[in-house]
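Working notes, beginning with the structure itself.
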Amino acid sequence: MVDLDTLFSLCKRRGFVYPSSEIYGGFGGFWDYGPLGVEMKRNIRDAWWRETVQLREDVVGLDAAIIMNPKTWEASGHVKEFVDRLVECNDCKQRFREDELESMSCPACGGALSQARLFNTMFKTFVGPVEEDAAAAYLRPETAQGIFVDFKNVLTTSRKKIPFGIAQIGKAFRNEITPGRFIFRSREFEAMELEFFVRPGTDEEWWRYWLDQRVKWHVKYGVSPENIRVYEVPATDRAHYSKATGDIQFKYPFGWGELEGVADRTDYDLTRHGEVSGEDLTYFDEESGQRFIPYVIEPAVGVERTFLAYLINAYHEEPDKEGTRVVLKLHPWIAPYKVAVLPLSRKEPLVQKAREVSALLRPHFMTTYDDSQSIGRRYRRQDEIGTPYCVTVDFQSLDDQQVTIRDRDRMTQERVPIDALVSTVQQRLAASLG
Ligand code: GAP
């Protein structure tokens, strides 16, 4: 399995991920996503939205504000409960999360550690022109609260009946004490969250259903089944709102760790918002003639955590005749580029023909064009960024109007008429979804 240093170096060199504000020495826990990273993140979001919202009749979407009325976080329990136990080294002053320590001495210098104190990991900011406590607000640490607070609006406007869900993708912020392991734990990340509202008493069944759906989604988009497992989180480690949590874990280079959480949040959040706001957030069930607060099942996953797991899973080094081929075997829908167009030489009219082929593909697929260095090196460059199909334009193409399409994983090469190229790539992409 690839180590994180090798992966980071590939990500930086090829334009997937850069340290944020690098010219100023970086900024701990913040990352920028380059030309390839931004495409891959978009593909992850699209794959999630397509299967969670578009293909389902029982889920609608939402895009709520990042900064919400601060009462939200009082009601949700985050002001009181969204805390880590922080300890500080008396000598070197480094700070750690108590639950991550193996002994009660400093892992950096061996010095003695302070007593633990509670540290709220929500970022605080001020709204309006005054910096005083009355104007204090928080950057959301989860997108879920936007969904709960808008529950009534969405219910009224969408006319959905339970069981139904509200999905949201958006930035979340946590002032993590120990960000790290590359992008695994960042201070700014993007959450993809579904709040699925169900009848009380059916929650356990739905919780199992969503755990199963979400594992299948990860496997469908490229995680090898042996690298994924479900871990039922014990009560002592669960979030304050959770009756049951299943962590979908991935086998990272540093061991098994959380990729996604699926929680049974019960009626906790809607009840609290109803109490604090005074609004009636109950649901009238026409079927049973009863009024109640729905229970909520929540699958929640980070775009960047998914990004990291999929890159690790995809990374392969394979011997070839020139030494070692590094190939990212990303699922074609997740890969940044779908097609690379490569003219065999830089001579005209070959380049013009290759540009025409590239222009033909661009409206349909993220396409890249590369005419520098030998064809072997160009194949390798595309393999290293996971491009599933390379289209080579050669001198014969000028006569027979055909090009060669090379498959990244099978390494097969097939001649295809240029006017059938778009449909050929479309068919292969469709087939890759199974
Ligand atoms: N609304 C539920 C919730 O926020 P969570 O387990 O704290 O639950 C959900 O977060 C997912 O968000 C995690 O499984 C992980 O994929 C991602 N995530 C959480 N904290 C993160 C961080 N600091 N950096 C990157 N991703 C993070």
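The values are calculated or read from the model by the stated rules, or taken from the named source; none is laboratory data. Note that this is a predicted model, so its numbers are computed, not measured. Positions of Cβ are backbone-derived with ideal geometry, glycine not excepted, and every protein chain shown enters the neighbour counts. With ligands, DNA and RNA removed, areas are computed over all heavy atoms of the protein, side chains included. Shrake-Rupley method; radii C 1.70, N 1.55, O 1.52, S 1.80 Å.
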**OP:** Report yes if some residue within segment 381-390 is closer than 30 Å to Ser9 by Cα, open to solvent by 20 Å² or more (accessible area, probe 1.4 Å) and not in a loop (DSSP other than H, G, I, E, B); otherwise report no.
**Re:** yes
Original post:
If we scan segment 327-344, do we find a residue that is within 14 Å of Gln401 (Cα to Cα), at pLDDT 95 or above, open to solvent by 80 Å² or more (accessible area, probe 1.4 Å) and out of contact with any Phe, Trp or Tyr (no Cβ under 6 Å at 6 or more places or on another chain)?
Top reply: no
Subject >> Near pairs, Cβ below 8 angstrom, 6+ apart or cross-chain, from segment 240-259 (closer than 14 Å to Arg185 by Cα) to any residue that is in a loop (DSSP other than H, G, I, E, B) and within 10 Å of the ligand (Cβ to nearest atom) >> reply: Tyr252/Arg181; Tyr252/Phe184; Phe254/Arg181; Gly257/Phe184
Subject >> Residue that is farther than 29 Å from Ala65 by Cα, assigned by TED's automatic domain parsing to the domain that holds Glu51 and in contact with a Gly (Cβ under 9 Å, 6 or more places away or on another chain), where the choices are Phe254, Phe250 >> reply: Phe250
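Considering only segment 293-323, state which residues are of a type in the set (Gly, Ala, Ser) and at pLDDT 95 or above.
Keep residues of segment 293-323 that are of a type in the set (Gly, Ala, Ser), which gives 300, 302, 309, 314, 323.
Of everything in segment 293-323, those that are of a type in the set (Gly, Ala, Ser) and at pLDDT 95 or above turn out to be Ala300, Gly302, Ala309, Ala314.
Could you please give the count of residues in segment 70-94 that are surrounded by 15 or more Cβ atoms within 10 Å (Cβ to Cβ) and touching a residue at least 24 places away in the same chain (Cβ under 8 Å)?
Taking segment 70-94 first, the residues surrounded by 15 or more Cβ atoms within 10 Å (Cβ to Cβ) are 70, 72-73, 75-79, 82-89, 94.
Keeping just the survivors that are touching a residue at least 24 places away in the same chain (Cβ under 8 Å) gives 70, 72-73, 75-79, 82-89.
Qualifying residue count for the region: 16.
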**OP:** Residue by residue through segment 252-305, note down the ones that are within 16 Å of the ligand (Cβ to nearest atom) and of a type in the set (A, V, I, L, M).
**Re:** Leu259, Val262, Ala263, Leu270, Val296, Ile297, Ala300, Val301, Val303
**OP:** Look at Ala359 and say whether it is away from the ligand (no atom under 16 Å from the Cβ) and without any contact (Cβ under 8 Å) to a residue 12 or more places away in the chain.
**Re:** yes
Subject >> Some residue of segment 255-278 being open to solvent by 70 Å² or more (accessible area, probe 1.4 Å), within 27 Å of the chain's Cα centre (by Cα), closer than 27 Å to Trp333 by Cα and modelled with pLDDT of 95 or more >> reply: yes
Original post:
Which one of these does Phe164 not meet: (1) at pLDDT below 95; (2) away from the ligand (no atom under 16 Å from the Cβ); (3) under 24 Å from the mean Cα position of the chain (by Cα)?
Top reply: (1)
Original post:
From the set of residues in segment 229-248 that are open to solvent by less than 20 Å² (accessible area, probe 1.4 Å) and touching a Leu at 6+ places or on another chain (Cβ under 7 Å), which is nearest to the ligand (Cβ to nearest atom)?
Top reply: Ile248
**OP:** Could you list, in sequence order, all residues of segment 42-58 that are surrounded by fewer than 20 Cβ atoms within 10 Å (Cβ to Cβ) and either of a type outside the set (Phe, Trp, Tyr) or outside the structural domain of Phe196 (by TED's automatic domain parsing) (or both)?
**Re:** Arg42, Arg45, Asp46, Arg50, Glu51, Val53, Gln54, Leu55, Arg56, Glu57, Asp58
**OP:** May I ask you to list the residues in segment 48-78 that are part of a helix (DSSP H, G or I) and either hydroxyl-bearing (Ser, Thr, Tyr) or over 19 Å from the mean Cα position of the chain (by Cα) (or both)?
**Re:** Thr52, Lys71, Thr72, Trp73, Glu74, Ala75, Ser76, His78
**OP:** Answer yes if at least one residue in segment 98-120 is within 27 Å of the chain's Cα centre (by Cα) and within 30 Å of Ala134 (Cβ to Cβ), and no otherwise.
**Re:** yes
**OP:** Give the residues of segment 1-18 that are closer than 20 Å to Arg174 by Cα and away from the ligand (no atom under 15 Å from the Cβ), sorted by residue number.
**Re:** Tyr18
**OP:** Give the number of residues within segment 183-209 that are surrounded by fewer than 20 Cβ atoms within 10 Å (Cβ to Cβ), more than 10 Å from the ligand (Cβ to nearest atom) and under 27 Å from Ile334 (Cβ atoms).
**Re:** 2
